[in-house]
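Presented below is the structure to which this report refers.
The values are calculated or read from the model by the stated rules, or taken from the named source; none is laboratory data. The model shown is predicted, which means the values in this text are computed figures rather than measured ones. Counting neighbours? That spans all protein chains shown, and the Cβs are built from the backbone with ideal geometry, glycine included. Note: accessible area is taken over every heavy atom of the protein model, side chains too, but ligands, DNA and RNA are not part of it. Shrake-Rupley method; radii C 1.70, N 1.55, O 1.52, S 1.80 Å.
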Amino acid sequence: MVSEAKADAKRSGRAQDESRIGQLCIERGLKMTGQRRVIARVLSEAEDHPDVEELYRRASQLDSRISIATVYRTVRLLEEKGILERRDFGGGRARYEASEPGHQHHYHLIDVDTGHVVEFEDEEHADLMETLARRLGFDLVSHRLELFGRRLPQKAGEPTGQDG
């Protein structure tokens, strides 16, 4: 009985140490191996939308035993479980971001020259999509907006409009 209590305490402590994507994995019943934990952590800390090769590069810096095949399998599994979403921003490579509740109404503006992705939210757009769906006789269950553009030349003294 004492060993069961210790095991429960250890699991509880480990769950508190999990990254947010690691927590989603546990909630969806995935076994969390050490390598999955590293990949989940890298994805959780990503402020961009990495492709598999970039994810592998970052993960292998933390654990040199991680193979590219492990990263591909893990990404595919996380996508199947609804933890990750695949994005196609051009350039021939799928990029990924976490599927997080409360973060579904954000959009992407992709700079076609640099590939830089700017995330933004716009309630007016979300409301418009709802209105359009209803007008056409649908209950909107999800939507996605990806804009592709080229940065406008800046005039002297004008703010750049960059977010970071």
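Structural remarks
- For the stretch 122-149, the set of residues classified as open to solvent by less than 100 Å² (accessible area, probe 1.4 Å), assigned to a helix (DSSP H, G or I) and over 19 Å from residue 110 (Cβ atoms) consists of 126, 127, 128, 129, 130, 131, 132, 133, listed by residue number.
- Condition broken by residue 62, with the remaining ones in (1) hydrophobic (A, V, I, L, M, F, W, C); (2) touching a helix residue (DSSP H, G or I) at 6+ places or on another chain (Cβ under 7 Å); (3) within 24 Å of residue 142 (Cα to Cα) satisfied: (3)
- Residue match in the stretch 77-89 (condition: at pLDDT below 75 and in contact with a strand residue (DSSP E or B) (Cβ under 7 Å, 6 or more places away or on another chain)): yes
- Single unsatisfied condition, residue 99 versus (1) open to solvent by less than 70 Å² (accessible area, probe 1.4 Å); (2) at pLDDT 75 or above; (3) under 25 Å from residue 144 (Cα atoms): (2)
- Of the residues screened, residue 153 is not one that is open to solvent by 90 Å² or more (accessible area, probe 1.4 Å), modelled with pLDDT under 75 and either part of a loop (DSSP other than H, G, I, E, B) or in contact with a helix residue (DSSP H, G or I) (Cβ under 8 Å, 6 or more places away or on another chain) (or both).
- The residues of the stretch 28-50 that are open to solvent by 70 Å² or more (accessible area, probe 1.4 Å) and not in a helix (DSSP H, G or I), listed by number, are 28, 31, 47.
- Filter pass, residue 69 being out of contact with any Gly (no Cβ under 8 Å at 6 or more places or on another chain), modelled with pLDDT of 75 or more and among the small types (Gly, Ala, Ser): yes
- Filtered by the rule that a residue be touching an Asp or Glu at 6+ places or on another chain (Cβ under 9 Å) and surrounded by 15 or more Cβ atoms within 10 Å (Cβ to Cβ), the stretch 51-82 gives 54, 58, 71, 79.
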